[in-house]
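For reference, the structure is listed below as structure tokens.
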Amino acid sequence: MSVEPSTNGAGPDGGGAPRVCVIGAGSSGITACQSLKERGVEYVCFEKGSWIGGNWKYDNDNGQSAAYKSLHINTSRHMMEYAKFPMPEDFPDYPDHFQIAGYFEDYVDHFGLRDSIRFQTEVESVVPAEGGGWNVTWTARDGKSGTDHFSDVIVCNGHHWDKRWPEPAFPGSDGFTGVQMHAHDYRTPEIFEGKRVLVLGIGNSATDIAVESSRHADATFLAMRRGAWVLPKYIGSTPTDHHTTGLMARAPIGLQSLGMSLMLRFAVGKPTDYGLPKPDHKLLHAHPTVSQDLYNRLGHGDITVKPNVERLDGDSVVFEDGSREQIDIVVYCTGYKVTFPFLAPEVFSAQDNKVDLYQRVVPPDQPGLYFIGLIQPLGAIMPLAEVQCDWVAELIDGEGARPDRLEMYREIAANEAKMGRRFVKSKRHTVEVDFDPYMRELKKERARSKERASSGRPAGVR
């Protein structure tokens with residue numbers, strides 16, 4: 001059934017105390033809940049599935065988890081943990097997704113957030129309300145539905161669930177007699193037994209799946225459009241990402257790239273040593289791939305490297321170098337689209353995965369709307385999302401204030417130009433950030449926003 005929007009909790013736009021809608025109870029959503037509760041701000045969290053954890057919950061019934069059974073994190077736990085709730089010391093350097101999902105469950109119970117989450121409830125639409133705030137329409141799995149009014153909405157629906165396929169599709173795709181699947185749907189390697197498998201891509205999922213396939217399939221091929229830098233999980237006995245923090249993170253990017261390149265050269269050599277194409281960019285100028293096993297499997301001859309696909313032809317795949325292989329399964333590790341099905345395009349959209357957000361969080365033209373975790377860091381999202389949420393909670397309760405609209409757009413344009421020079425141009429890098437510089441910038445912005453609020457300098461809108 002449908003109900004009229006409620007008028008309670010209209011927030012500053014409507015004259016009452018703020019009342020906030022949080023969309024999603026994954027790693028960003030639960031952090032948003034914690035930050036709001038810490039400041040005594042009323043909120044409701046809507047979660048489509050039955051569990052905490054979002055993408056990290058294996059076979060999550062919200063249909064949005066891409067976790068495969070063997071998945072482990074590819075940033076070390078010290079880099080991934082929340083500052084307010086560190087991971088247990090008995091966790092390994094690189095926990096698996098079952099441990100990470102349990103960690104999120106413990107986080108929710110530690111901070112007493114569970115009762116504020118409406119599980120099995122999907123947000124259908126978020127619409128600007130007359131007089132300010134937002135009308136949020138939801139539908140529960142038990143058939144109940146309604147529309148509630150909120151002063152603010154924090155979007156935490158993630159960006160690794162809406163599958164992106166090659167566009168346009170490869171010629172011959174419609175007539176291919178084998179199986180075509182997206183990495184999002186992969187779970188266990190038994191499907192590869194006795195098969196000839198092609199994995200398309202050179203990101204983290206592609207390398208993980210190719211390595212697993214090579215232990216089960218009759219033959220495994222790994223094809224890619226461009227080369228990539230593949231980092232091991234350890235350099236020496238130290239997790240690799242520990243080498244990128246501290247003083248190293250404050251060095252000019254050219255020096256960081258040179259330092260990591262030298263370490264990598266001594267640790268594992270060059271990608272071309274293993275038959276991979278030479279990267280067309282310097283290290284750290286594109287999102288690196290992390291794999292402890294890929295080079296071993298390439299060196300053993302268990303994975304064969306191929307150039308990009310030219311076309312699919314019956315039961316075979318023809319590659320750009322003219323070679324042909326009979327293939328039973330093609331796994332597309334081609335990434336994801338950034339989409340918000342509950343927001344009309346005129347409210348907010350991500351055309352070609354591009355988002356115009358101040359500090360990667362605030363859309364200048366939509367007061368009271370925020371996006372958490374909509375970033376792809378060289379590192380983990382969770383600690384950055386934690387600081388994003390603390391800042392947003394301060395904006396909502398009035399302890400902080402945004403700059404004016406023009407200032408926000410100037411910063412967005414400057415940041416886009418900077419990132420355009422910094423990273424390879426691709427849909428994968430539209431939300432890329434450097435972990436330490438972005439963390440420092442968020443902390444500076446929190447200080448600036450508190451100064452704006454305390455000085456009474458108008459920010460146009462919250």
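The values are calculated or read from the model by the stated rules, or taken from the named source; none is laboratory data. Since the structure is predicted, the reported quantities are computational estimates derived from the model, not experimental observations. When we count neighbours, we look across all protein chains shown, and the Cβ atoms used for this are built from the backbone with ideal geometry, even at glycine. These area figures cover heavy atoms from the full protein model, side chains too; ligands, DNA and RNA do not enter into them. Shrake-Rupley method; radii C 1.70, N 1.55, O 1.52, S 1.80 Å.
Tell me, in nm to one decimal, what length is gained between A251 and D185 on full extension, where the rule is 0.36 nm per residue of separation less the Cα-Cα distance?
Residue separation times 0.36 nm, minus the Cα-Cα distance, leaves 19.8 nm.
Select one label from (1) 68, 53, 44; (2) 90, 61, 41; (3) 151, 75, 48: the one whose number is Cα extents along the principal axes in Å as derived from the coordinates shown.
(1)
So with the 1.4 Å probe, I'd like the accessible area per residue for region 283-350, rounded to whole Å².
So region 283-350 comes to 39 Å² accessible per residue, rounded to a whole number.
Run the numbers on region 234-352 and let me know its relative contact order in percent, using alpha-carbon pairs under 8 Å that are six or more apart.
It rounds to 12 percent for region 234-352.
Given a 1.4 Å probe and heavy atoms of the protein chains only, how would you sort E167, E105, E394, largest accessible area at the top?
Details: E167 130, E105 45, E394 0 Å².
Output order, biggest surface exposure first: E167, E105, E394.
Using alpha carbon centroids, what distance separates region 190-213 and region 328-368, in Å?
Each part reduced to its Cα centre gives a spacing of 28 Å.
Using Cα atoms only, what is the angle between the long axis of helix 97-110 and the major principal axis of the chain, expressed in degrees (0 to 90) to the nearest 10?
Value to nearest ten degrees: 10.
Accessible area of region 115-219 with a 1.4 Å probe: how many percent of it is carbon plus sulfur?
Taking all protein chains in place, region 115-219 shows 48 percent carbon and sulfur surface.
Sorted by accessible area (1.4 Å probe), largest first, how do M80, M419 line up?
M419, M80
Starting from the amide H of V338, placed 1.01 Å from N in the peptide plane, find each other amide H under 5 Å away whose residue is 5 or more places distant or on another chain.
Result for V338 returns N353.
Round to a whole number: what % of the accessible area of region 251-297 belongs to carbon and sulfur, probe 1.4 Å? Write down the numbers at each step before the final one.
Working: 1380 of 2380 Å².
The computed percentage sits at 58.
Hey, could you grab the Kirkwood Rh for region 85-149? Inverse mean 1/r over distinct alpha carbon pairs, Å, one decimal.
14.8
Please compute the contact order of region 139-288 in relative form: average sequence separation of alpha-carbon pairs under 8 Å and at least six residues apart, divided by the residue count, as a percent.
17
Label D90 and R141 with points 7 Å out from Cα along Cα→Cβ: what is the distance between them in nm?
Once both label points are built, they end up 3.1 nm from each other.
When the accessible area of region 306-348 is split by element with a 1.4 Å probe, what percent falls to carbon and sulfur?
Values: 800 of 1730 Å².
That fraction is 46 percent.
Please determine, in degrees from 0 to 90 and to the nearest 10, the orientation of helix 382-397 with respect to the longest principal axis defined by the Cα atoms of the chain, where the helix direction is its Cα long axis.
Orientation of helix 382-397: about 20 degrees from the principal axis.
Defining a contact as two alpha carbons under 8 Å apart and six or more residues distant in sequence, what relative contact order in percent does the chain show? Present the calculation step by step, with values, prior to reporting the outcome.
Numbers: 912 pairs, mean separation 84.5, N = 462.
Normalised by residue count, the contact order of the chain is 18 percent.
Rank by packing, highest mean first: peptides 279-288, 87-96, with packing defined as the count of other Cβ atoms within 10 Å averaged across residues. List each step's numbers first, then the result.
Working: 279-288: 18.4, 87-96: 14.6.
Highest to lowest by the protection proxy: 279-288, 87-96.
Taking a threshold of 24 Å on the Cα-Cα distance, which of the pairs K278/K306; K163/K233; K69/K354; K337/K444; K163/K443 fall above it?
Exceeds cut-off: K163/K233; K69/K354; K337/K444; K163/K443.
Based on DSSP H runs of at least 4 residues, each adding -39500 (n - 2.57), what is the mean residue ellipticity at 222 nm of the chain after dividing by all its residues, to the nearest 500 deg cm²/dmol?
Mean residue ellipticity, 222 nm, calculated: -8000 deg cm²/dmol.
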